[in-house]
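Below is one structure, written out as structure tokens, with a few remarks after it.
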Amino acid sequence: MTIALYAGPGNGVRAGWWSILEPMREDRIETATAPLRDDIRFLGAILGETIRDCEGPEVFDLIERVRVEAFRVRRSEVGRSAVADMLRDIDIRTALPLIRAFSHFLLLANLTEDLQRDRRRAVHVAAGEPPQESSLAATYDKLDAARPDGAVVADLLDDAVMSPVITAHPTETRRRTVFDVQSRITDLMRQRQRYTEYEPQYAEVETKLRRQVLTLWRTALIRLARLRIQDEIEVGLRYYDLTLLEVMPRINADVRAALRARWPQYELLRRPILRPGSWIGGDRDGNPNVTAEVVQRATHRAGAVAFGHYLTELVGLEKTLSLSARLVAVSDDLARLTAASFEDSPQRTDEPYRRAVHGIRIRLTATAFRALGEIPADGVDLGALTAEVEPYATAQDLLDDLAVVDASLRASGDGLLADDHLAALRGAVETFGFHLQGLDMRQNSDVHEQVVAELLAWAGVHPDYASLSEDRRVELLAAELGTRRPLLGPGARLSDLAAKELGVLRAAKAALDDLGPDTVPNYIISMCTSVSDLLEAALLLKETGILDPGDADTPPSSPAGVVPLFETIEDLRQGAQTLVAALEVPAYHRLVAARGMRQEVMLGYSDSNKDGGYLAANWALYRAELDLVEAARKTGIRLRLFHGRGGTVGRGGGRSYDAILAQPAGAVRGALRLTEQGEVISTKYAEHGTAYRNLEALVAGTLESTLLDVEGLGADAEPAYELFDELAELARRAYARLVHETPGFVEYFRASTPVAEVGDLNLGSRPASRKPTSSVGDLRAIPWVMAWSQSRVMLPGWYGTGTAIEQWAGEDPERMAILADLYRRWPFFRTVMSNLGQVMAKADLDIAERYAELVEDVALRDTIFGMIRDEFDRTVRMHAAVTGSDHLLADNPALAESIRNRFPYLEPLNQMQIELLRRRRAGDGSELVERGILLTMNGLATALRNSG
């Protein structure tokens with residue numbers, strides 16, 4: 001049974017609240033959106049019936065009245081107070097289901113939009129149209145047209161890597177349970193597409209969907225307790241079973257085959273280009289919950305996922321490779337594998353492949369037991385064989401055995417079998433090894449300084465390291481890095497801080513020993529400002545056995561590279577100088593040389609934005625990359641950049657493919673890492689199709705930025721850079737006038753946004769601020785950005801840009817023409833303006849003004865909101881002048897359609913949040929009011945999709 005949809009209010013009949021497209025004129029709805037409208041009507045009808053059945057007709061009717069009024073507000077038929085007046089003083093027990101209703105609808109709207117994107121891509125492919133931008137097929141066409149020299153390609157792609165790094169930085173508001181129900185609804189909606197409503201399967205699918213929507217409605221949206229870091233580890237690992245274990249190796253194999261077909265004389269991509277990473281369990285900067293036990297759990301749980309997958313695949317191979325020795329010849333190498341397999345079943349006497357695979361499974365089981373202390377599912381009960389079976393020393397040894405099976409199959413003409421499950425397994429082992437993902441270690445440089453000072457004092461090297469000048473520190477640290485002598489003996493007595501830090505690194509060393517050298521590939525130094533910051537980290541790696549400094553006859557070695565993280569505007573400006581100075585220290589240069597002259601540098605998007613504003617931060621990052629590329633050229637290092645991007649534009653977010661193409665020439669060179677965090681992870685990697693498209697876009701962008709001239713500036717590069725030096729400084733000053741110089745700004749921010757409540761949302765294990773403070777500088781970037789998103793100001797994604805452009809160009813049409821030309825030609829500027837348009841389109845300054853009314857100081861409110869409103873209007877005008885379009889989303893019609901559809905449903909959530917914040921700040925500390933605030937935050941984050 002379905003609910004009939006009524007005509008809109010203009011026809012004198014009440015509209016169903018679920019009809020998201022009701023306010024849109026039919027002549028504006030493209031034929032292509034018909035399936036989307038059908039999906040939304042279908043799910044909306046089910047949700048509407050579910051709410052009426054569960055909550056009663058009175059609640060349902062209230063929701064409907066609010067919905068109708070929200071659409072009237074959106075059409076400017078009534079003022080903004082219309083919805084606010086309906087919700088003022090609403091009973092909290094009535095308010096909660098109302099909030100949940102609009103939140104659930106927006107969650108279902110996300111789902112239907114994702115399905116629509118899948119359909120549109122399928123139609124595009126079926127029509128035989130050219131490959132879409134950001135697809136690998138389009139990249140191959142560009143490479144074929146450009147025909148870069150093979151020797152250059154081989155050099156640029158030497159040890160090529162694109163590494164998405166999953167972090168626990170919390171902006172994902174959905175509970176895992178809600179996420180799982182949504183996934184089941186998605187699967188059922190795909191099934192529904194296969195049937196007509198007259199087929200019996202259609203009714204079966206509808207019944208199943210009703211069950212899932214009912215489950216969704218009866219499931220709490222928000223967590224009662226903050227996530228533990230152990231939970232975050234498991235959440236991060238679930239994406240491997242969902243998609244990554246299958247999709248990553250497939251892309252790696254496809255890319256390798258495509259590139260080697262074009263340049264067959266070179267053995268391109270000897271290692272897989274896609275290699276995953278993680279921070280969850282290794283990032284202890286400001287997170288006291290990361291301990292040695294957590295590091296052990298994170299690495300060994302990841303290893304268990306890898307071993308478990310391989311053993312399951314080997315079980316499948318045993319079942320399928322039933323080839324008989326009476327019918328097929330096998331290679332001598334395969335025969336040796338078979339003979340050493342411990343398989344003595346008489347039923348398999350003439351099944352050499354099954355016996356060989358079983359032997360591989362036994363050895364892999366022994367390997368897992370040695371590394372993890374347990375046997376994963378689908379492992380073999382070793383029993384008496386435990387002492388006889390030799391575990392694999394490395395993942396390459398396992399690959400060698402699998403290669404024997406592959407070669408034997410191909411030699412007998414059975415390559416078709418080798419190309420199936422065996423090829424998938426080989427690709428997985430090659431991609432994930434025994435470690436699954438590289439776990440980065442990260443800590444703040446201030447902590448390193450304290451720990452190193454304590455170690456040096458205990459060892460009698462120097463009693464007061466902190467008092468030394470930078471030159472003296474470097475001299476002392478370099479000397480210590482030149483000897484294998486440890487600073488501590490077994491009986492050393494340390495502070496809790498030093499003991500914990502060394503314990504974490506010793507756990508990392510144990511993981512490296514158990515799971516291989518790729519288990520902990522990087523040691524990242526937050527707030528790195530000096531050469532001594534790099535050397536302190538290296539000394540701690542040496543003290544815990546990860547770094548061997550070598551001697552006169554032996555070069556140093558370390559599986560973990562030392563990675564400086566430059567975060568503030570000033571640190572970004574000085575980053576290249578700091579790196580060059582470090583490389584001039586012989587001890588550090590020897591370490592980098594021993595790693596093939598490869599040096600990674602991390603760039604921080606969040607703190608630089610909070611420090612200097614959107615345009616200044618973006619340009620500081622670009623300038624830093626230019627400087628680092630030049631430093632790499634002078635010093636001979638192979639530079640790899642690691643981009644610490646968040647989900648929202650204010651933290652470096654936006655379309656990853658565009659962001660990669662927007663890098664300076666020479667900044668990629670086949671190697672790039674970037675963070676994936678919060679709700680972005682589930683959006684990108686929860687479904688096979690979306691995971692494939694997002695990962696191929698990362699690889700496509702990396703290949704194009706490496707092998708093609710994508711900057712497009714030519715001889716105009718230096719004048720463009722100088723122009724942006726001016727623009728960025730103007731933007732920084734405008735931002736600073738508001739954020740750093742206006743008295744009372746922090747008070748305004750705390751009163752006019754739910755920043756205090758962000759910390760109550762139980763998003764993750766990390767505290768919301770580094771320390772108790774009233775300073776913007778000490779706030780973490782996530783609550784800073786998320787609070788502005790909730791209040792619909794979106795300030796970190798645009799403020800200061802309008803003033804900069806207006807002051808630079810003024811009324812001079814020639815200057816504006818220069819900017820318009822750069823916008824058309826330069827991917828960096830085009831991406832900056834596109835992302836700015838995206839975030840401003842999601843802003844709503846009328847709603848923001850209602851939040852400003854929460855500020856009791858009227859003069860302060862008028863001053864600061866007046867500055868925000870003026871700059872917003874100015875930036876919209878300047879965006880139009882530069883891009884040549886009055887529409888903020890002219891280059892992103894899909895997002896424009898999404899915003900137009902869903903924004904009326906945000907109105908009640910924002911208005912309800914304001915009402916509940918007003919009550920809480922008036923003294924109503926009830927649990928239900930707090931829960932209502934958190935529910936509105938959840939709903940708004942769901943609707944905005946990249947809010948943190």
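Laboratory data are not the source of any read-out in this text; all were calculated from the coordinates shown. Treat the numbers as computed from the prediction; the structure is a model and nothing was measured. Every residue, glycine among them, receives a Cβ derived from its backbone with ideal geometry; neighbour counts consider all protein chains shown.
The range 420-471 and the range 155-218 have their alpha-carbon centroids 36 Å apart. With the cut-off at under 20 Å, measuring from each backbone N in the range 500-535 to a point 7 Å along the Cα-to-Cβ line of residue 397 picks out 510-520. Note on the range 231-432: the C-alpha convex hull projects to 13.5 nm² when averaged across all orientations.
Counting Lys and Arg as +1 and Asp and Glu as -1 over every other residue whose Cβ lies under 12 Å from the Cβ of residue 633, the net charge comes to +1.
DSSP beta bridges confined to the chain are antiparallel in about 5 percent of cases. Only the Cβ atoms of Lys and Arg (+1) and of Asp and Glu (-1) were treated as charged; on that basis the dipole of the range 440-644 about its Cα centre amounts to roughly 440 debye. Here is how the number arises for the chain: DSSP H runs of 4 or more residues each give -39500 (n - 2.57), the sum is divided by the residue count, and the result at 222 nm is -19500 deg cm²/dmol. The phi-based Karplus calculation (6.51 cos²θ - 1.76 cosθ + 1.60; θ = phi - 60°) puts the 3J(HN,Hα) values of the range 873-888 at 4, 5, 5, 4, 5, 5, 4, 5, 5, 6, 7, x, 9, 7, 9, 4 Hz, whole numbers, x for Gly and Pro.
Loop only per DSSP, at most 14 neighbouring Cβ atoms within 10 Å: give me the GluC sites (Glu not before Pro) in the range 428-527, ordered by residue number. Filter output for the range 428-527: empty list.
Length gained on full extension, residue 551 to residue 121, computed as 0.36 nm times the residue gap minus the Cα-Cα distance: 149.0 nm. On a 30 Å Cα-Cα criterion, which of the cross-link pairs 208/684; 142/684; 610/684; 208/319; 542/610 come out too long? Checking Cα-Cα distances, 208/319; 542/610 exceed 30 Å. Annotation: extensible slack from residue 196 through residue 77 equals 38.9 nm (criterion: 0.36 nm per residue apart, minus Cα-Cα distance). Here the label points at residue 708 and residue 414, each 7 Å from Cα along the C-beta direction, are separated by 4.3 nm in the simple model.
I'm spelling it out carefully: the read-out is Rg and Dmax of the Cα atoms in Å, the candidates are [x] 29.3, 92; [y] 34.0, 115; [z] 38.5, 126, and one was derived from this structure. Which label? Structure-derived value, by its label: [x]. Potential lengthening of the chain between residue 862 and residue 347 amounts to 176.9 nm, from the contour at 0.36 nm per residue minus the alpha-carbon distance. Averaging 1/r over each pair of different alpha-carbon atoms in the range 714-891 and inverting the result gives 17.5 Å, the Kirkwood hydrodynamic radius.
What's the center-to-center distance, using Cα atoms, between the range 57-116 and the range 271-307 in Å? So the separation of the two Cα centres works out to 41 Å. A cut-off under 13 angstrom between Cβ atoms defines the neighbours of residue 841, and their net charge, with Lys, Arg +1 and Asp, Glu -1, is +1. With a Förster radius of 22 Å applied to the C-beta separation of residue 228 and residue 179, the computed FRET efficiency comes to 0.80. Cα gyration tensor of the range 441-487, axes a ≥ b ≥ c as square roots of the eigenvalues: rounded (a/c below 1.5), prolate (a/b > b/c) or oblate? Rounded is the answer for the range 441-487, as its axis ratio a/c remains below 1.5. Inter-part distance, the range 661-710 to the range 224-256, computed on C-alpha centroids, equals 16 Å.
A Cβ-based charge dipole, computed about the Cα centre of the chain with Lys and Arg at +1 and Asp and Glu at -1, lands at about 1520 debye. I need the calculated FRET efficiency for the pair residue 927 and residue 322, taking r as the beta carbon distance and R₀ as 45 Å, to the nearest 0.05. Approximately 0.15, to the nearest 0.05. With a cut-off of 13 Å on the backbone N, the residues of the range 145-163 near the modelled label site 7 Å out from residue 267 along Cα-Cβ are 159.
Here r is the Cβ-Cβ distance between residue 146 and residue 493 and R0 is 56 Å; the resulting FRET efficiency, rounded to 0.05, is 0.35.
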